[in-house]
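Please read the structure below before turning to the comments.
The values are calculated or read from the model by the stated rules, or taken from the named source; none is laboratory data. Everything numeric in this text was worked out from a predicted model, so none of it was measured. Virtual Cβ from ideal backbone geometry, glycine too; neighbours counted across all protein chains shown.
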Amino acid sequence: MNIIVCIKQVPNTTDVRIDPVTNTLIRDGVESVINPFDAYAIEEAVRIKERCGGKVTALTMGPPQAENALREAISLGCDEAILVSDRKFAGSDTWATSYTLSAAIRKIGDFDIILCGKQASDGDTAQVGPGISAHLDIPQVTYVKKIEEISDKLAKVERMTEEGYDIVQTPLPCLLTVVKEINTPRMPSLKGMMRAKSAKPLKWTADDIEAAPAALGLDGSPTRVVKIFTPQQRKGGEMMSGSTEDVARELTELLKDMVI
Amino acid sequence: MASITILLEKCTGCTLCIKACPFGAIHMANRKAVIDMAKCTLCGACVTACKFGAIELKQDAGAKKDLSSYKDVWVFCEQKKGFIQSISFELLGEGRKLADKLGVKLCAVILGDGLESKMDELSWHGADKIYLVDHPALKSYQDDPYTEVLVKLAQEYQPEIILCGATTIGRSLVSRVAIKINAGLTADCTELDIDLKERLLLQTRPAFGGNIMATIITPNHRPQMATVRHKVMKEAALNKAHKAEVISKRYPEEVFTSRTRLLDIVAEIGETVNLSEADIIVAGGRGLGGKQGFAILGELAKVLGGAVGAARSAVDADWIPYSHQVGQTGKTVCPKLYIACGISGQIQHLIGMQSSKVIVAINKDPEAPIFKVATYGIVGDVFDIVPALTREFGRLLKK
């Protein structure tokens, strides 16, 4: 079983702070981490490998420092790692990003299953996973919370919905995006950390993946950001005090119009 | 290849661009701006921020396409088990405004099986035209046939805008469709408007967990596609006199083939409503101490007709299933009323609920960060206050 797991390096949310004076995002000293949802995709990929044999390739598109995310993926059990990095990718929206990743996957060639986190914590679009499967024209199942069965030809999975879940059967090769419920990621093993230290992720440029220049980066992106602004930060309001009964009565009165 | 340049003769070293850059990619050297190309994503925020026209963003735009054949605003109307989902009516409400501004028709698109009787409902919510594709294979959502049908409809009728709910189905479907028809797609919008001069859809959405907002356009591709968050737009007003033209489309059988097979649909939500559609959410965290704490919340939620939410810590402790989790690794919700009980208010939780209209926080710890976002804060014991609220609201609502 050849498994590809697509990951993204993102700023750690706990570090994201707004400068109260300039009202802008403070980036200094913000640690970069693997997107939280991708950690579940990595863990699931490693579990499939442990169940069915094969190998796991971690793939990311990003700046040179995204190599750190790939090393972490190796420490968590991935066998190989590929960084797709080129100035030509700058300004990519989800269309161009999923195109670029699909071109890299075509170059990898042989795969049975592609795993992605359901979305990234910085962009929150959930569009790149389905975008990759559309570019590759393979079946997809999104929001997967459990892989019930998997063989060389088929997977039976549970897709989380607003009301519960669907049980879906898909032929391989396919792409799955996963939610947190699917597993509890393990800690890196000592052996894994040693391997990560000496690992040399492959580095591919736009030419290496034979991508069409017009489909890359800002030029290949249908959407454009025209304005970025900081929303009004929410401020704390009224603190209520008094006996439990008084507070409950007062609050009920305040919220009366909302609940009727 | 696209590029960005500082025009040194125009740069005054005012540092406005540094503040505008969401990626920390600009610094000053010799009182001129310098862009670190390893960090720059060519987002263009600095270009708009610069008052002196000193930053130039160049791109190979290619030939300007003729987009004039694209008309009308489409709303993809989601149905489950034959019931049109409430998000569809919210989108019809917003779509009406956009269509009126552009002077075009508002069209509902609906896929399913045996839906003829539902056409009035869409008409009454303001659709001028309804594109209906009725086929047994479309009874429940499946990626392949839904994608195929929506692609075919969009290619034939060429809408200038397609709106869709930012739901499980919506996000899975239109992400694929946008690739196939080479369209721009913006996720999870919270505000939409029209730039009439350029006939552009202005799509505003939160990013970085709501810490920044971005307005996004699709200048040279059609349709302009957007998914829209639940509960942000107002439902279309009901007008039973309104009548839509129904266009029932048929396609050859192969259009409806699906590589995946839907084996079963399992409903887990019992008495309470689903989180993303709830107007009122009563949520609990570590402070509830266990499953029995959630039973107390459940009673309040029931009286209020709301849903029960949870912070990650409570889900990780197995007190309540993951489907109830609100926050970064759970769901993003924006109900009218969010009552946070025993939730400390970690940033990851706040990301998922801080756009709620009114937030009530109940916590023992007066220093808990949740109070910083709460409209009303109560320092106290959840186990005293929640039952008291249940009683008071019960009395008010006569339950």
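Worth pointing out:
- Inside segment A:65-106, residues that are hydroxyl-bearing (Ser, Thr, Tyr) and more than 18 Å from residue A:125 (Cβ to Cβ) make up a count of 2.
- None of B:199, B:205 is more than 7 Å from chain A (Cβ to nearest Cβ), basic (Lys, Arg) and crowded, with 22+ Cβ neighbours inside 10 Å except B:205.
- Apart from one condition, residue B:114 fits all of (1) part of a helix (DSSP H, G or I); (2) surrounded by fewer than 22 Cβ atoms within 10 Å (Cβ to Cβ); (3) out of contact with any helix residue (DSSP H, G or I) (no Cβ under 7 Å at 6 or more places or on another chain); the exception is (1).
- Annotation for segment A:137-149: at least one member residue is basic (Lys, Arg), farther than 17 Å from residue A:38 by Cβ and not in a helix (DSSP H, G or I).
- Residues of segment A:213-259 that turn out to be β-branched (Val, Ile, Thr) and either within 25 Å of the chain's Cα centre (by Cα) or more than 7 Å from chain B (Cβ to nearest Cβ) (or both), as a count: 5
- Residue selection: residue B:296 fails the criterion of being modelled with pLDDT under 90 and outside the structural domain of residue B:131 (by TED's automatic domain parsing).
- Strands (runs of 3 or more DSSP E) contained in segment B:254-341 and holding at least 1 residues closer than 22 Å to residue A:144 by Cβ and within 11 Å of chain A (Cβ to nearest Cβ): B:261-267
- Screening the candidates A:191, A:235, A:227 for the property of being in a loop (DSSP other than H, G, I, E, B) and free of Cβ contacts under 8 Å to residues at least 60 places away in the same chain yields one hit, A:235.
- Filter result for residue B:332 (at pLDDT below 90 and not charged (D, E, K, R)): yes
- Restricting B:242, B:230 to residues that are within 14 Å of chain A (Cβ to nearest Cβ), assigned to a loop (DSSP other than H, G, I, E, B) and in contact (Cβ under 8 Å) with a residue 12 or more places away in the chain narrows the list to B:230.
- Enumeration of residues in segment B:15-34 that are away from every other protein chain (no Cβ under 13 Å) and either out of contact with any Ser or Thr (no Cβ under 7 Å at 6 or more places or on another chain) or crowded, with 18+ Cβ neighbours inside 10 Å (or both): B:29, B:30, B:31, B:32, B:33, B:34
- Residues that are crowded, with 21+ Cβ neighbours inside 10 Å, within 10 Å of chain A (Cβ to nearest Cβ) and hydrophobic (A, V, I, L, M, F, W, C) within segment B:342-363 comprise B:350, B:351, B:359, B:360, B:361, B:362, listed in sequence order.
- Residue that is farthest from the chain's Cα centre (by Cα) [pool: residues in segment B:239-265 that are among the small types (Gly, Ala, Ser) and closer than 27 Å to residue B:128 by Cα]: B:241
- Selection within segment B:36-55 - away from every other protein chain (no Cβ under 11 Å) and either under 22 Å from residue A:94 (Cα atoms) or buried (at least 19 other Cβ atoms within 10 Å of the Cβ) (or both): B:50, B:54, B:55
- Only listed residue being within 7 Å of chain B (Cβ to nearest Cβ), in contact with a Pro (Cβ under 8 Å, 6 or more places away or on another chain) and either polar (S, T, N, Q) or buried (at least 23 other Cβ atoms within 10 Å of the Cβ) (or both), chosen from A:140, A:127: A:140
- Every condition in (1) at the interface with chain A (Cβ under 9 Å from one of its Cβ atoms); (2) of a type in the set (A, V, I, L, M); (3) surrounded by 24 or more Cβ atoms within 10 Å (Cβ to Cβ) holds for residue B:217 except the one numbered (3).
- Across segment A:58-103, the number of residues qualifying as more than 14 Å from chain B (Cβ to nearest Cβ), of a type outside the set (A, V, I, L, M) and assigned to a helix (DSSP H, G or I) comes to 3.
- When residue A:111 is tested against (1) more than 10 Å from chain B (Cβ to nearest Cβ); (2) assigned to a strand (DSSP E or B), just one condition goes unmet, and that condition is (2).
- All told, residue B:219 falls short of being more than 28 Å from residue A:10 (Cα to Cα) and in contact with a strand residue (DSSP E or B) (Cβ under 8 Å, 6 or more places away or on another chain).
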